[in-house]
Structure formats: structure tokens, C-alpha cells
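For reference, the structure is listed below as C-alpha cells.
The values are calculated or read from the model by the stated rules, or taken from the named source; none is laboratory data. Here the structure is a predicted model, which is why all the values come from computation and not from measurement. Because the Cβ atoms are built from the backbone with ideal geometry, glycine has one as well, and the counts that use them run over all protein chains shown.
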């Protein structure tokens, strides 16, 4: 069981997944900052409130129903999608196009830490292969 766990951890795709999760968490902070500090105040300036929770509010038997909260969630989703597309996806696509066209040069050599991590990965792959 321990050997199976070691094999799983040392596989490249498990490490890639872990790196993806960490990068995703970092991007979450960036996207939330764009939405919370730019788009929500813009919505507040236009509509008078930063959300739509009070739109269509009504009460039934003492229970407050907020259909505007659904609208707020939908607008928040769209704002996150807009922020991701225009501030992350579009610039990365342009960079990829420039690199493909030869305008933007690819990095010549990986940084020392990347080279060291690559070497460690390769050594882990060699040691995890079954000996024949």
C-alpha cells in the first residue's frame, strides 16, 4: 500500500495537478480582487447598490424571500467570467499568438529552480520504474 502511494505521488500528473490547484488558488485572489474592487463598485455606482439582493423582496408568513439574490449570483458569475477572460485568458492568448508569429521570443533557458525541479522529476521517474 505504501509503495502504491509513493508511485501515485511521484507520477508527473499528480504533481501537475497539485501545481494547478495552487496556481488556481492564486488566480482566485486576483479575480476576486478585480471583481470586488472594480466591478462591484461600478455596479454600485450605476444601480445605487453593489448587489441586487433587495430586488423583488417579499415576505410570506414571516419568511423573507429574496429573488434578487439569484440575480446577484448570476451577475457575480458573469463578472468573474469577464474578469477571467479579459484580464487573464485574452492576454495569454495574445502572448501565445505573438510567440507563434515569432514576435515574442520564447524564454531561452529555464530558471535555475525550474531546471532543478525538472531534474528531480526525471530522477523520480527513473527510480519509480520497475527494475527488470
Residue match in the range 45-54 (condition: within 23 Å of the chain's Cα centre (by Cα), at pLDDT 85 or above, loosely packed, with under 11 Cβ neighbours inside 10 Å and within 28 Å of residue 89 (Cβ to Cβ)): no
Residue match in the range 106-126 (condition: at pLDDT below 85, in contact with a helix residue (DSSP H, G or I) (Cβ under 7 Å, 6 or more places away or on another chain), farther than 30 Å from residue 7 by Cβ and surrounded by 12 or more Cβ atoms within 10 Å (Cβ to Cβ)): no
Only one of 73, 83, 96 that is outside any loop (DSSP other than H, G, I, E, B), modelled with pLDDT of 85 or more and within 26 Å of residue 41 (Cβ to Cβ): 73
Yes/no for residue 55 being touching a residue at least 12 places away in the same chain (Cβ under 8 Å), assigned to a helix (DSSP H, G or I), more than 30 Å from residue 5 (Cα to Cα) and in contact with a helix residue (DSSP H, G or I) (Cβ under 8 Å, 6 or more places away or on another chain): no
Hey, residue 83 under 25 Å from residue 23 (Cα atoms) and more than 18 Å from the chain's Cα centre (by Cα) or not: no
